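What follows is a short report on a single structure.
Read the figures in this text as sums done on the coordinates, not as results from a lab. None of the values given here were measured: they were computed from a predicted structure. Quick reminder, even Gly has a Cβ in these numbers, built from the backbone with ideal geometry, and neighbours come from all protein chains shown.
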Amino acid sequence: MGNKEKLADQIRSNVALASDTEKKRKGKGTGLPKSASSSSYVAPHRHCVVCHTPISIKHEPPICGEKKCSDEWDNRERQRKRWTILLYLAPAIMVAALFLPIVLS
């Protein structure tokens, strides 16, 4: 019985510690300096979805511009479009196969 009480006390203390930590962290940013003059400043950016090279935030599509990345992006877009079509076409065929014999009889 003592182990259960000890475990319950540990859980209560962990919950209290977590809520205190969350209160302290709320409202604070990433910890990175906002000034470009700081030595640890990191400019706002995002990463190429293929090779993860830092690129501009405004860069569309989100790739760095290398031929390999561009080819991979085009390939992924074709696959995404194909899957989207298949997502709608397959259930439509199934529904048609189910209701066509009912309608024709």
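A few points about this structure:
- Proximal lysine pairs, segment 25-105, alpha carbons under 22 Å, eight or more residues apart or interchain: 6
- In terms of Cα atoms, the Rg and Dmax of segment 44-105 work out to 19.9, 64 Å.
- The percentage of C-alpha pairs in the chain whose separation is greater than 21 Å is 71%.
- Adding -39500 (n - 2.57) for every DSSP H run of four residues or longer, then dividing by how many residues the chain holds, sets the calculated 222 nm ellipticity at -21500 deg cm²/dmol.
- The gain in end-to-end length when the N3 to K34 segment is fully stretched comes to 6.2 nm, 0.36 nm per residue minus the alpha carbon separation.
- Applying 1/(1 + (r/R0)^6) with r as the Cβ-Cβ distance of H47 and K81 and R0 = 30 angstrom yields a FRET efficiency of 0.80.
- Taking the C-alpha atoms of segment 31-75, convex hull volume expressed per residue in Å³: 83
- Residues whose placed amide H lies under 5 Å from that of I55, excluding near-sequence neighbours: R46, H47, C48
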